Amino acid sequence: MGWLTLALLAVATGGALVLLRVDRLLWSMVGAALMLGAAGYAWQGSPGMRASPARPDAGLGIDDPALFDLRERMLGRFTADAAYLTAADAMNRAGDRRSAVRAILGGLNRYPRSVMLWTGLGTALATHDGNVVSPPALFAFRQAIRVAPAHPAPSFFLGLAYVRAGDFPAARQAWARALALSPQGASYRRDIAMRLALLDRLLAEQGG
């Protein structure tokens, strides 16, 4: 069952690349991500076992559908630089944090002023470095802010990294800035405001 699901995923991905008219130069990157996932599954998985529900990663929230949706609404999805982030997502799901970082760095070599990729690099580095806002991760987030100072995404995802690291006051500051930068009619503004309100409640309960 596992191999069948993997084959169907490969076929669906190939169809999506054609339908979305993704640049053929990027196909090899996506293909590499699929092959990496297949290799990891063959090495560590159990293809002969029956399927069972996956357990969520409570510590990192890497596969949180709500965050993926929010990221796409803030930064877009059907762009050339987004393909590198999609590849990095696949590598993260396979547990290969280092390759996820390298995939985004490869994208930045081609799109050095991509706010999406700098923001993604900050998130990937924070995850790679043990779920902390390490100096390299902070540099990437700050570079994203320098590239697009009026965009709320770098500040929001910097705040998310601080939440995961347990630094709620720093997260509160970043999310407040992200909310202030969000246009009134943006679909994601309410999402940011809701998370900021929940964080404020948590800080109040902690006496912060």
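Kirkwood radius and radius of gyration were both taken over the C-alpha atoms of the stretch 134-181, and their ratio Rg/Rh is 0.95. Taking the average, over residues, of other Cβ atoms within 10 Å as the packing measure, peptides 164-171, 198-205 rank 164-171, 198-205 from highest down. For the stretch 150-208, evaluate the Debye formula with one uniform point scatterer on each Cα (no solvent term) and list log10 I(q)/I(0) at q = 0.16 Å⁻¹, rounded to two decimals. One equal scatterer on each Cα of the stretch 150-208 leads to -0.43. The protection proxy used here, the mean number of other Cβ atoms lying within 10 Å of each residue, ranks peptides 179-185, 114-120, 72-78 as follows, highest first: 114-120, 72-78, 179-185. For the stretch 158-165, putting each phi into the Karplus relation 6.51 cos²θ - 1.76 cosθ + 1.60 with θ = phi - 60° gives couplings of 5, x, 4, 5, 5, 4, 5, 7 Hz, in residue order, rounded to whole numbers and with x for Gly and Pro.
Listing TYR111, TYR188 from fewest to most neighbouring C-beta atoms within 10 Å gives TYR111, TYR188.
Throughout, read-outs are computed from the coordinates displayed, never taken from laboratory work. Given the structure is predicted, the values throughout are model-derived calculations rather than measurements. Cβ: placed from backbone, ideal geometry, glycine included. Neighbour counts: every protein chain shown.
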